[in-house]
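Scroll down for the structure; my scribbles are underneath it.
The values are calculated or read from the model by the stated rules, or taken from the named source; none is laboratory data. Computed from a prediction, not measured in an experiment: that's the story for all the values here. Ideal geometry is used to build each Cβ from the backbone, glycine not excepted, and the neighbour counts take in all protein chains shown. These accessible areas exclude ligands, DNA and RNA; they are computed on the full protein's heavy atoms, side chains included. Shrake-Rupley method; radii C 1.70, N 1.55, O 1.52, S 1.80 Å.
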Amino acid sequence: GKYGKFEDEKAADYAMRTALAIVTEGITAAPLQGIEKLKIKTNPDGSKYLAVYYAGPMRSAGGTEQALTVLFAEKIRKLLHLDRYKITEEEIGRFIEELRLYERKVSNFQYHPSDDDLRRLLPNIPIEITGSQTDNIQVSVYRNLPRIETNCVRGGALRVVNDGVYGKAS
């Protein structure tokens, strides 16, 4: 509230873009085009959590900056007193299916986590890493999940988890 009063979603969005612009020194398009929006959504138990919608241009930020956006979102989540994102088994399966589809049909990633690595990693991320479709390639198994707005691959989200969080975990 020091610089004005905003609704929680708008405050989260401004905070994320400002933090990312500072880290990237305004050189990349990531703060404006790499993050589509931040949204407060609801877990199956009724608690509220923070979701970050990543877009394709997020890849220009680089793995370190991608991973830092997740840390920024976690700090924002805590400041807004929101619960953790409680990922379901179906959402984990969906993410893995999307990642493998993307690798086969779109592009390679810098890192190659195993499915087991992803199953351990994803439940420990306290925010939802999501996004809009970046390619017209649809999943076939984990379709029509309630909290995922598209059945197509979400390249920005995949890059952030794979090259950002997983790649920079060490």
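Largest first, the residues LYS2, LYS10 sort by 1.4 Å accessible area into LYS2, LYS10.
Packing, taken as the mean count of other beta carbons within 10 Å per residue, orders the peptides 19-25, 33-39 from highest to lowest as 33-39, 19-25. Putting +1 on Lys and Arg Cβ atoms and -1 on Asp and Glu Cβ atoms, find which of ALA51, ILE96, SER114 reaches farthest to the positive end of the dipole of the chain. Going by the charge dipole, the pick is ALA51.
Backbone N atoms of segment 72-108 closer than 17 Å to the 7 Å Cα→Cβ label point of ILE22 belong to residues 72-80. In the full protein context, the chain carries 51 Å² of accessible surface per residue, based on a 1.4 Å probe and ignoring ligands, DNA and RNA.
The listed residues ARG100, ARG147 rank as ARG100, ARG147 when sorted by accessible area, largest first, using a 1.4 Å probe.
For segment 98-170, a crude dipole built from +1 on the beta carbon of Lys and Arg and -1 on the beta carbon of Asp and Glu, taken about the Cα centre, is about 60 debye to the nearest 20.
Summed over qualifying helices (DSSP H, 4 residues or more, each -39500 (n - 2.57)) and divided by its residue number, the chain shows a 222 nm mean residue ellipticity of -11500 deg cm²/dmol. Of the whole protein surface, ARG94 contributes about 0 Å² of accessible area at a 1.4 Å probe radius.
Counting only alpha carbon atoms, the long axis of helix 8-23 and the longest principal axis of the chain meet at about 80°.
The long axis of helix 63-79 is offset from the longest Cα principal axis of the chain by roughly 50 degrees. Going through (i) 0.98; (ii) 1.14; (iii) 0.94, the figure that equals Cα Rg over 2.2 N^0.38 Å as computed for the structure here is (i).
What is the magnitude of the charge dipole of the chain about its Cα centre, with +1 placed on the Cβ of each Lys and Arg, -1 on the Cβ of each Asp and Glu, and no other charges, expressed in debye to the nearest 20? Can you show the working numbers first?
Details: 25 positive and 23 negative charges, 69 e Å.
Roughly 320 debye, rounded to the nearest 20.
Summing Lys and Arg as +1 and Asp and Glu as -1 over all other residues whose Cβ lies under 13 Å from the Cβ of GLU74 gives a net charge of +2. Between the helical axis of 89-105 and the longest alpha-carbon principal axis of the chain there is an angle of about 70 degrees.
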